[in-house]
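These notes concern the structure reproduced below.
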Amino acid sequence: MSANGAADAAVNGDEHAAKRQKTAVTSLHDDHQCVLVLDYGSQYTQLICRRIREIGVFSIMFPGDASMERIKGVNPKVVILSGGPNSVHVEGSPRVPDDFFSYCSEQSIPVLGICYGMQLIVQMLGGTVGSGVVGGEYGRMPILIQPGSRLYSFQDSSKPNVWMSHGDEATQLPEGFHVVAKSEQGAVVAIEHQERRIFGLQYHPEVAHTEQGTDTLRHFLLDIAGLTADWSMAEVLETQLKLVEQQVGAAEACSSSRCHDVQQCWWCCPGLTAVSQMACAQQASQFGRGS
């Protein structure tokens, strides 16, 4: 094969892999309610996705600058805006599409902003975010929960310890929002708009340092958003096995004697995702062709 031919094959392989991966994700979010996490650069974004899945809800992650077309394409039932290192009041900082919040309101999609995500909600809906008056808040510290909050209605403590990491803070909330928790220094650390089901947390509920952080996410997803915990990681492998069978047939899956591990599976089944390759290797083992 010529160099150009090899390059074309590689490109085509990438295209086929992308199509197969899209098919796999589409299959999962068609069968289950989907939580979309928009990533704004936080070191904890993957952890947010993991916590959601541990609760039993299917989640996927897109870049924070994903288009509305791409967001609508997964039909999210909840959207979570992650944290990040940027300042929303600085020109050029990442943000959701201009019609994102109107779309969520029209479709009754609950939104949760975490750290930068909360500041993004405040800034884009008409509030104000500025540099923290005390230079920011970092590390584990207590917050003061206000009475009457929907977000904290499950809490058994009015002063839980949480994990902070922010230099900016909300100084004026958009119309219809209420402060439901503050730090001991007086910074706004949780907000909510109950009618629109838009919530914000200035701290990180996904990390182990935050008391009842996972419980907060569970309460938001299952009680406030009304999702059902009906997904497990085992379904990913099952879905990929079905995709392999659809591509090459159950009886012929990985017929090559070389297909006995993930690395070699790549050569006899080019273009499969990593999970598909593992599923493919499992098929080979079932048919007595694995090592």
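Computed from the coordinates by the stated procedures, all read-outs in this text should not be read as laboratory data. Owing to the predicted nature of the structure, the values given are computational and were not obtained by experimental measurement. Positions of Cβ are generated from backbone atoms using ideal geometry, with glycine treated the same way; all protein chains shown enter the neighbour counts.
Peptides 171-182, 72-83 ordered by packing proxy, namely the average of other Cβ atoms within 10 Å per residue, highest first: 72-83, 171-182. Near Gln202, once Lys and Arg are set to +1 and Asp and Glu to -1 for all other residues with Cβ below 11 Å from its Cβ, the sum equals -2. Database remark: amide H of Thr171 closer than 5 angstrom to the amide H of Thr128, Val129, Gly130 (H placed geometrically; neighbours at sequence offset of 5 or more, or on other chains; Pro and chain starts carry no H).
Taking the average, over residues, of other Cβ atoms within 10 Å as the packing measure, peptides 212-222, 85-95 rank 212-222, 85-95 from highest down.
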